[in-house]
Every structure is written in structure tokens, then in C-alpha cells.
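The values are calculated or read from the model by the stated rules, or taken from the named source; none is laboratory data. Predicted, not measured: the structure shown is a model, and the values here were computed from it. In this analysis, Cβ positions are derived from the backbone assuming ideal geometry, glycine residues included, and neighbour counts consider all displayed protein chains. Remember, those area values only see protein heavy atoms, side chains included, never the ligands or the DNA or RNA. Shrake-Rupley method; radii C 1.70, N 1.55, O 1.52, S 1.80 Å.
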Amino acid sequence: MRLDLVLEPDRPNRFESLGRLAEELNFGCVWTANHVAAPDPFMAFMPLANTSSKILMGPVAVSPFEIHPVKIANQLLTLNEQSKGRARVVIGGGGAIIAMGLKPGRRAMMPRMVRAVRETIDIVRGAARDKPLSYDGDLYAINGYSADWAKAEPPLVYAAATKPQMMKMAGQSADGAMFSDATLPRIKECVDALHTSLKESQRATDNFPISNLYTWHVKADRRDALAEARAKLFVRGMLEPWYLEPFLPPDECNFVDEHLVAFAKAYANNTPDIEGVPDPLIEQLVDNLTFCGDFSDVDKFTGQLIQFKEAGVTEFAIRLYSEPEESMRLIAERVMPELT
């Protein structure tokens, strides 16, 4: 199983430094989160594209509701040319669109979201091919698009997919799929659903990239790790019941749902203080939705990663926050040898 990294958005020079270290440590790909008020995720990779030689790179996830599919194609192909065929992108419904006022909350669905993501994947994949692209979808259209300047090997286009409809679409249309925070109790059903879609579409399952984004809060001081994990809990699968039901009874799932605003406030303020939610419940969420602990826990997390691999995950996107260099070196030294 290939180990990848998902880094916080940052300035291009910082990305170059982190990406060069990731390449030196033999990680497969550097991804970056796509936030509403952050450096552009395509442009941030340009210095790294120039100075690296093998590390893959790209944003996760980009939404057609924030950028038109044709412009996504232009940005991706530009990065792909600069990196000599090493660019990637994950297309999804998008979280940044909440801050843009395009939907009222994380659990609200954009109209025809699955269709929009599918058509975007079709357009972005088609734009990278040799012949001119004309596409007449239900939501998006393009006539005679020709990126004749794009000479590198076409970039892979992943679907951000965890739920059944998106999983079915990913198996039909995408080059790969990235799950979001899929836990061990849920990973088999995710992989099985994706494999079912691939087989129904008469596509091979053995060479289709399956990634899972999962957060890593492992530090020398367990208290620091827990504080960071608590502050970021809101975006762990959006704390939807589907993620929580394997380890929480129904009344506690409902309690989390009723206090979602408190988790959102903690995330917005980057604080571990989650108002009105008892610490034992928060610790259950952290223990079951993240890798969180100190250096003595690394072997336990490595064992869990092996279980993800055995379930069919072929790439694992480890989400890092503060002090990423320390985590990168720790993972490369103690985890990577057991998985590659």
C-alpha cells in the first residue's frame, strides 16, 4: 500500500520544502486540502513541480460548484505539464462552497451533486486526451476544447467518494477513488461497493487506485496530539451518524448531531474546547475516527494500516496538520517499512 500525505495549504516555497522532503522519504504523493481562504492548490505546487522528479502532487478536493470543469482542466493540465505528468486531482462536492454561501451547511446537498461531479470528471479526463473534446451534459457543456499544448501523460482524476451513489459513479467514470475518513468497521463495505461498480462497468478492480484520507495526530506529548485532534473533529466525516454508529449507541449519535455547532466552532477557532460535549465522548470520537496518540502508539496504528491494506485500500492519504516534518520522518521510519 502506497503512503501519501495530505498537507495544510501553504505558500509555494513551503510546499516545495515539504514536497522535497516527502520525495526524499519515499512517499508516493503530496496532496493539499482545498480551503476557501488559502493559497491556490494548483499554483502552490508549481515550485515543487520544477524541483522534484518523482513525487506526485495535486489538490483534494476541487468542486465544480466553485470552479467550472473546463477551468479545473486548464489548471490541472498546466500543473501536469510543469511536473512532467505527475499531477493528480480529486473531484468532489466540496466543503469550501459553504464559506462561499453556496449551501447552508456541511450536510446540505448541492442540487444534482453526483451528476455534477460525474460530468466534471468526464470533462477533465476528456480534456487531457489527444483529440478535441465536445461534451453536452445535463449541467455542463464544452464545444471543441483542444489542449494541444498538453504533451505530458494524462493526469489521473479521482472521485471523492464514500457514500453509495458517489461510489457507483466513481466506479463508472473516475481513474481512482478517495474515501474520506472511512474507518476500519466501514472500510470493507466501501471497497466492496466500489468493486461492485467497477465490475458492473466491466472495469478491472486490480489496478484501480483506492485511497482513504485519514488524519494523523501523533506527537511526543499525548496532550498536544489530543488537543489537535479535538480541534479538527468537525471535519472527520462531518461527524455523520454513518461513521459513528459502529462505536456509539443511538442516543450518543443523536447527542453529537445536536451539538454539531459546538464542534464547528471549535474547528473554526482551532481550539480543543468543544462546549457542552463531555470529555469521555470526545475521546471516543478521537479514538475511533483518527490516529491520535504519542510515539508509543505508532505500532498500533501501523497494525490498523495493515488492516486497511488487507481490506483493499491501495493508497493511504495521511492528513497532517502542525509540525508535518516530524510526522513525515516518524511515518517513514516506523510505518512505511511495514507497508511497502
Inset, instruction - Just the number, please: carbon plus sulfur as a percent of the accessible area of the chain, 1.4 Å probe, no ligands or DNA/RNA counted. - result: 49 percent
Legend entry - Counted charge near residue 1, where neighbours are those whose Cβ lies closer than 13 Å (Asp, Glu -1; Lys, Arg +1): -2
Inset, instruction - Just need log10 I(q)/I(0) for the range 208-340 at q = 0.10, 0.12, 0.22 Å⁻¹, Debye formula, equal scatterers on the alpha-carbon atoms, no solvent, rounded to two decimals. - result: -0.33, -0.48, -1.37
Inset, instruction - For the range 1-101, report the accessible area per residue in Å² (1.4 Å probe, heavy atoms, rounded to an integer). - result: 35 Å²
Inset, instruction - Provide the FRET efficiency to the nearest 0.05 for the residue 71-residue 165 pair, computing r from the beta carbons and using R0 = 22 Å. - result: 0.30
Inset, instruction - Note down the net charge around residue 313, summing +1 for each Lys or Arg and -1 for each Asp or Glu among other residues with Cβ under 14 Å from its Cβ. - result: -3
Legend entry - FRET efficiency estimate (nearest 0.05) - Cβ-Cβ, residue 8 to residue 297, R0 25 angstrom: 0.65
Inset, instruction - Express as a percent, rounded to the nearest 5, the fraction of DSSP beta bridges in the chain (both residues included) that run antiparallel. - result: 10 percent
Legend entry - Listed pairs 168/188; 54/219; 219/309 exceeding 26 Å between Cα atoms: 54/219
Inset, instruction - Please give the contour-minus-distance gain from residue 50 to residue 139: 0.36 nm per residue of separation, less the Cα-Cα distance, rounded to one decimal in nm. - result: 28.5 nm
Inset, instruction - Determine the per residue accessible area of the range 214-280 with all protein chains present and a 1.4 angstrom probe, expressed in square angstrom. - result: 48 Å²
Inset, instruction - For residue 287, tell me the accessible area in Å² from a 1.4 Å probe, rounded to the nearest 10. - result: 110 Å²
